[in-house]
Amino acid sequence: MENKDIWQSVLAQIQFHISKANFATWFQNTEVISKKDGIVVVSVPNAFSKEWLSNKYNKLILKGLHGIDDKIKEVEYIIRPQSSKSPNLKPSLTTEKINIEQLNFEEFKVDKETNLNPRYTFDNFVVGSFNELAHAAALAVSENPGFTYNPLFIYGGVGLGKTHLLQAVGNKIIESLKKKKVKYISSEKFVTGIVTAIRNHSIDAFKTSLSLIDVLIIDDVQFLAGKNKTQEEFFHAFNALYEKNKQIILSSDRPPNAIPELEERLRSRFEGGMIADISLPDYETRLVILKTKLQEKHSELPEEILDYITNNVKKNIRELEGALNRLLIYYKINNTPPTLEVAKKLLKSYIFSPFDIANYKKIIEVVAKFYNLEEKDLFEATRRKEIVGPRQVAMFLLRKELKYSFPAIARKFGGKDHTTAIYACRKVSQKFEENDKLTEEINLIKQRIYSG
Ligand code: ADP
Ligand code: MG
């Protein structure tokens, strides 16, 4: 048998054992170049193929070869970059327009009735200690909506899976309890809906449509801050649903007691059920998430690249996914996985750089935004409680994170006596020790400062 035929026959067998995507990825452009003394030499196009074939598929390959000729005992892989005349190998370095959808991803359509995206499920939601509680609560709610935890309030930073989890509950409910009417609404849409309804004198119809819902999911309720009319309508809708044991599920970037300008009565409703947070995933979990995403996309990348992403992209899960997609697009265009060097270049914008650290401007910006203030409000000469608290937090962070001296802090805040700065920092430190709410707020603020 000729080398070419031997290899064809081995490949034909292997094809049955591995996924199409893997087969195409790892066996394309391989061939047997010699067979002597029980050793078969297979040429592969690059170091990654070599690594992959020898580590993952060696047994399968050997088994195939052995079936053809039982004198074959060993396979060797050598790298032989294909000559440019082999047509499907030539890397195209052009920035071809390839978008995420072309990456073998399944297409998902948002359901018009529920606004749910079927791509968000419990099955593809990775659970670790960082989101364990939120996941367990969400699962419990999906099994018995209206009667387990009501409302369910999930909070955590950007890109950590709140929307995914909320929608997974919705999707699970429509799948298992077909008669339940589920509605997912972002807070922005909710606000617009109410404002429009008021303007068109159709608020009663709007309320009726809400009252027919069995499971109401409202994402990012921190956007209701300061929207008084919406809050009022929402309060009534909330009560109407709650009294009928209809499930309400909410998310926010912070716990209810840290949402500024939220009516007290609404806050106490939000706090009346289960509150669960999602924090940051650790190294192991980030790696599992990457691998899960790769599997979903029927793709593979060498371990050293996965290790590099996991070690360097820590901000949140959305960034992790973004980094992965960036590499997969490269892979797709060039028909070969990126080398570590290439990956480093491609991921530059995802990697936390030392220039990304806190600075004065960022602290002021984040603190003001967090408390729903304008930056200049922090510097206003006033003793109003809504200003003094946030100002003290800003001073505290300048001291703690940037090691500003007290006189420097005082200068920044309009030449105040530096004892004011000392007092502010001491006060916040003290409260920080004993006041959970403030501790939580400062942690959330710090998370934002450092996540850019
Ligand atoms: P948030 O709403 O908190 O900003 P998202 O729910 O939009 O975050 O999540 C951002 C991306 O990360 C989404 O693509 C989502 O599918 C993915 N993701 C988040 N958490 C997980 C998880 N635990 N397992 C798998 N994918 C996740
Ligand atoms: Mg979201």
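Just to be sure I understand the model, the point goes 7 Å from the Cα along the line to the Cβ. What's the resulting residue 377 to residue 209 distance in nm?
3.2
For 122, 108, give the ranking by accessible area with the largest first, probe 1.4 Å.
108, 122
If you take the beta carbon distance between residue 4 and residue 244 as r and set R0 to 45 Å, what does 1/(1 + (r/R0)^6) give as a FRET efficiency, to the nearest 0.05?
Step by step, r from the Cβ atoms, then E = 0.05.
Step through the residues of the stretch 63-73 one at a time and calculate ³J(HN,Hα) from phi using the Karplus curve (6.51 cos²θ - 1.76 cosθ + 1.60, θ = phi - 60°), rounding each to whole Hz and writing x for Gly and Pro.
In residue order, the calculated couplings are 4, x, 5, 4, x, 7, 8, 6, 7, 6, 10 Hz.
Radius of gyration and Dmax for the stretch 356-451's Cα atoms, expressed in Å?
Over the stretch 356-451's Cα set, Rg and Dmax evaluate to 12.1, 33 Å.
Quick one: accessible area per residue over the chain, 1.4 Å probe, rounded to a whole number of Å²?
53
May I ask you to list the chymotrypsin sites (Phe, Trp or Tyr not before Pro) in the stretch 306-381 that are in a DSSP loop and have at most 16 other Cβ atoms within 10 Å of their Cβ?
Taking the stretch 306-381 and a limit of 16 other Cβ atoms within 10 Å, the loop chymotrypsin sites (Phe, Trp or Tyr not before Pro) found are 352.
Can you pull the percent of the chain's accessible area that's carbon plus sulfur, 1.4 Å probe, other chains left in place?
Answer for the chain is 52 percent, counting heavy atoms of protein chains only.
Between Rg and the Kirkwood Rh of the stretch 279-408, both from Cα atoms, what is the Rg to Rh ratio?
The Rg/Rh ratio comes out at 1.17.
Considering all projection directions equally, how large on average is the shadow of the alpha-carbon convex hull of the chain, in square nanometres?
Projected over every direction and averaged, the Cα hull of the chain covers 28.2 nm².
Using each residue's phi in the stretch 194-200, evaluate 6.51 cos²θ - 1.76 cosθ + 1.60 at θ = phi - 60° and report the 3J(HN,Hα) Karplus result to the nearest Hz, with x for Gly and Pro.
5, 4, 5, 4, 5, 5, 8
What spacing in nm lies between the two simple spin-label points modelled at residue 357 and residue 402, each 7 Å away from Cα in the Cβ direction?
About 1.3 nm, to one decimal.
I'd like the Kirkwood hydrodynamic radius of the stretch 132-278, using the inverse of the mean 1/r over distinct C-alpha pairs, in Å.
Its Kirkwood hydrodynamic radius stands at 15.1 Å.
For a quick check of your reading of the filter: which chymotrypsin sites (Phe, Trp or Tyr not before Pro) in the stretch 167-224 sit in a DSSP loop and have no more than 16 other Cβ atoms within 10 Å?
The qualifying sites: there are none.
Suppose only helical runs count, i.e. DSSP H with n ≥ 4. What mean residue ellipticity at 222 nm does that imply for the chain under -39500 (n - 2.57) per run, divided by all residues and rounded to the nearest 500 deg cm²/dmol?
-15500 deg cm²/dmol
The values are calculated or read from the model by the stated rules, or taken from the named source; none is laboratory data. In this text the structure is predicted, and so the values were computed from the model without any measurement. With ideal geometry, Cβ positions are generated from the backbone for all residues, glycine too; neighbour counts draw on all protein chains shown. Accessible surface is based on the protein model in full, side chains and every heavy atom, while ligands, DNA and RNA are left aside. Shrake-Rupley method; radii C 1.70, N 1.55, O 1.52, S 1.80 Å.
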